[in-house]
1. Looking at region 50-78, I want the residues that are among the hydroxyl-bearing types (Ser, Thr, Tyr) and have a partner that is not in a helix (DSSP H, G or I) with Cβ atoms under 7 Å, at least 6 apart or on another chain. Which pairs are those?
2. Please enumerate the residues belonging to region 59-81 that are open to solvent by 70 Å² or more (accessible area, probe 1.4 Å), at pLDDT 90 or above and either farther than 17 Å from GLY45 by Cβ or touching a Phe, Trp or Tyr at 6+ places or on another chain (Cβ under 7 Å) (or both).
3. Residues in region 103-131 that are open to solvent by 30 Å² or more (accessible area, probe 1.4 Å), closer than 15 Å to LEU145 by Cα and outside any helix (DSSP H, G or I): how many?
4. Taking interchain pairs and intrachain pairs at least six residues apart, which have beta carbon atoms under 8 angstrom, with the first residue in region 115-130 and under 25 Å from GLN19 (Cβ atoms) and the second part of a loop (DSSP other than H, G, I, E, B) and not β-branched (Val, Ile, Thr)?
5. If we keep just the residues of region 24-51 that are part of a loop (DSSP other than H, G, I, E, B) and at pLDDT below 90, which is surrounded by the fewest Cβ atoms within 10 Å (Cβ to Cβ)?
6. Of the residues ASN140, ASN136, which is open to solvent by 60 Å² or more (accessible area, probe 1.4 Å) and touching an Asp or Glu at 6+ places or on another chain (Cβ under 9 Å)?
Amino acid sequence: MDVRMPVMDGVAATEVISQHFPAVKVLVLTTFDDDEYVSQAMRFGARGYLLKDTPLELLANAIRSVYLGYTQLGPGLFEKFLSPLGHSTTPKPLNPPPEFAELTPREREVLRLIATGASNQEIAESLYIAKRTVKNHVTNILGRLNLRDRTQAAIFAHSFVSLLDNSSGESKKVEF
């Protein structure tokens, strides 16, 4: 997993993968040795964190070790993981990509409901709009966020659930 990727950063993707597929072991391989990236990636379930300048033989050994259940940290990264950021129990919220700001309040509501697994019909009933309108919103969401399908939209939404959360279950305008 790389840290910086289009659509969703690697730290957020690691968290989603760890939550939904706990048997998958994530090894971060990146050029970024920032304290926050290291500590968040490990806190969110990464089994290792290496820099891209890691020699191939060591990288291959790290992959095998992570597969066997061991944790791997590149030279100097252990200290970054143990830094004050690494001891924080409350991770800093991840920033959504700039495209997220292009979503309308209604599209954010639809995205929140997609994340719950709601069908287009259920979304329409919940928001008191036509099913065809929901389809239009879904198409717009996928296009604006460069997502392939509803599954990617749901995974994306889970990464930023705090921005989309409406625990009351009522339909209301979501502001960011």
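The values are calculated or read from the model by the stated rules, or taken from the named source; none is laboratory data. From a predicted model like this one, the values you see are computed outputs, not experimental measurements. Every residue, glycine among them, receives a Cβ derived from its backbone with ideal geometry; neighbour counts consider all protein chains shown. Keep in mind that these areas ignore ligands, DNA and RNA; they rest on the heavy atoms of the full protein, side chains included. Shrake-Rupley method; radii C 1.70, N 1.55, O 1.52, S 1.80 Å.
1. Between residues of region 50-78 that are among the hydroxyl-bearing types (Ser, Thr, Tyr) and residues that are not in a helix (DSSP H, G or I), the close pairs are THR54/GLY74; SER65/GLN72; TYR67/LYS25; THR71/ARG47; THR71/GLY48.
2. Within region 59-81, just ARG64 meets the criteria.
3. Here the count works out to 1.
4. SER126/ALA118; SER126/SER171
5. THR31
6. Working: ASN136 fails: touching an Asp or Glu at 6+ places or on another chain (Cβ under 9 Å).
Residue meeting the stated conditions: ASN140.
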